[in-house]
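A short worksheet on the structure shown next.
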Amino acid sequence: MHHKKVVSPPFKKKSHSYFEVLGSCRGFILLHRHRHILVVWNPLTGFRKRISYSRIVRLRMYKGFWLPYSAHLHGFGYDASQDDYLVVVAWKDWESQYHLDCLSLRTNSWINLDAVLPNPLVFYNCHSRGLFINGAIHWVPSNLKDYRDAILIFDLKERTFSMISAPEQLPTSPCVYAGLALLESCLALYYSNGCNTDIWVMKEYKMQSSWTLYQIPCSGGFRPLCLSSNRDIIGRRDPVTGYFIYNVRGDLLKHFRNLYCSLPFGATDTVTNKAKEESTMEKKMNHKSKSIHDILPIDLVHIILLRVPIRHVARLKCVSKLWCSLISDPDFAELHFRHSPAATTVFLKNGAMAYLVNLDENDASQKEVSPPFEKKPHSDFEVLGSCRGFILLRRHPHFLVVWNPLTGFSKRISHSHIVRRLKYHGFGLSYSKNLHGFGYDASQDDYLFVVAYRDYERQEDHLECLSLRTNSWIDLDAVLPSPLDWFDHNSRGLFLNGAIHWVPYCLKDYRDAILIFDLKERTFSRIYAPEQLLISEYPYPCLALLGDCLSLYCDNYGSHTTQMCVMKEYKVHSSWTLYQIPCKAFQPLCLSSNGDIIGKGDAFSDKRGYLIYNVRGDLLKHFKNLYCPILGADAVYTESLLSLPSDIKDKDKKKKRKKNCM
């Protein structure tokens, strides 16, 4: 069965003027529209997305730059590792310098790639459109003189070029206007050879010996498009109009003369079963009279709710009493926290104001929040850390406040006894010479705040721990590091794997290690810093948590970069891995859902605002419009519905009282 159908291109103006077809990938067609606009379109669903490439036009300083004719290479493909559709363009500027740019449809941004381009690039000028297969885009030279004039491939995951040799049995005369096709997931090379069209099919990808020759007897040149369901070759011939079907022996099976036939392009269709759709609609109509609990068993509802983003879960309490009971259960809160992705929420303060910022490639938002203080205006406060969805704040004069911004829960604790002991009312947890950190002891189900400080009058060091379960301060006898003021610059600790971590303000040797305090054992130990850092060049190191991995970062003032070492396996020294971010004074905050590095530039950075880099150091996104204070404190945390252990006890007591009253 064959048919034709007129479709309307996805352009707002009905007089569509002129447009070009640049390629296709996984059901999407890439179109070019005047002027300097690309449109990604799914003809079946009607979805479309419009992107400008005026950036390339500005860099080339030539308004007549036009895809595809002004580019030496271009291609459209899909990077499965990042779940991202990419448009790759290679072009030459007025100074004869070649450039390779990549458009990410996930981040909606252009990236300049540093991959080594083939030389001379002009060989690919005639057939610049690439063919996507097996995670890579492929091009063939316009004039194949030798099998070593190979097929060029660009790997979208690795962002590198390589070659596939053409079949060694190529004819001695040059193969003019060779082309590539995709025949049932196999790469095919075709060219005109006298009275025949030779089609070489690579049965096994990148296996040179798997090239298999098929010959189509037509003098005008046959262009294969795809295979039929019977594995016959569908294509078109020049200058004869219509479409043709040949079997692999070269026999003509069918000639469709009445179908419109222009320049071919490959596209992917999605076939739906209409009867199945109607059956589904009938089922939906029948289910309208049933409640959600008649359709979904409670265990399945529980599993579904665990996968709903936490910021939306609280709204679902109003669906039913059963859902409210499920979501309010402390065990559900704990399970949901374990299923939560890497932290992408940043809590910021600037003076008396506070903000929550959510960052990711596809989503970026911020909102102003009101800190949990009774007095209005709030005056000033400090951010001391975060743990499991709770943020620890310090409020004047000598109060700590534990706060869950999502649930609104807060708890106030005094640390005035430290001030009385020191006889110094100007003592401040975040700027006096001390260590402090906020963490969780899973063995006791207790949140702990640890603070180490120096009593200069008595020349004594003290280590104290606040238990939020018992609401009391405990004097610990663990041996403190000496001298304590080595950690003056980085007094706030980082919680990871049941321990709080600090780094000295100046690493003179890799053995000047990261200090850790185990909250269960209540003991100090050390982790050596990475040996690959040139310690003398990197003052003022800091710690960050990147996808459950400990990270040490610091500036390289000589190269204007930020060096980051990530410990892939906790406490395994050989697992330190070095990354370089081409941004001075870059502060990594967390990883995105795709494993890219989210951070911000501070007062001394050459890029202000929030930034997203991949691990190769490519800038993927720059959020310039989001509030990003230069000197404001911040804390990265994972949102949760968790409650403090003492808060859970209080709720249980209230329930018992109600039962006794009844």
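Read the figures in this text as sums done on the coordinates, not as results from a lab. Every value quoted in this text rests on a predicted model; they were computed, and no experiment measured them. Positions of Cβ are backbone-derived with ideal geometry, glycine not excepted, and every protein chain shown enters the neighbour counts.
Overview of values
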item: Label-point separation, Ser370 to Asp93 (7 Å along Cα→Cβ), nm; result: 5.3
item: In order through the stretch 502-507: 3J(HN,Hα) via Karplus (6.51 cos²θ - 1.76 cosθ + 1.60), integer Hz, x for Gly, Pro; result: 9, 10, x, 5, 8, 8
item: Two-site FRET efficiency, His573 against Asp477, from Cβ-Cβ distance with R₀ of 41 Å, rounded to 0.05; result: 0.90
item: Amide H contacts of His72 (H built 1.01 Å from N, under 5 Å, at least 5 apart or other chain); result: Ala90, Trp91, Lys92
item: Summed residue charge, Cβ within 12 Å of His138's Cβ, Lys/Arg positive, Asp/Glu negative; result: +1
item: Cα→Cβ-extended label distance, 7 Å offset, between Glu334 and Arg231, nm; result: 5.7
item: Across Lys367/Lys621; Lys157/Lys206; Lys367/Lys624; Lys584/Lys621; Lys317/Lys621, pairs whose alpha-carbon gap is larger than 24 Å; result: Lys317/Lys621
item: Long-range HN-HN contacts of Phe495 with modeled amide H, under 5 Å; result: His501
item: Per-q log10 I(q)/I(0), the stretch 292-340, q = 0.15, 0.21, 0.23, 0.32 Å⁻¹ (Debye; single scatterer per alpha-carbon; no solvent); result: -0.34, -0.68, -0.82, -1.45
item: Label point distance in nm, Asp299-Tyr456, each placed 7 Å from Cα along Cα→Cβ; result: 6.4
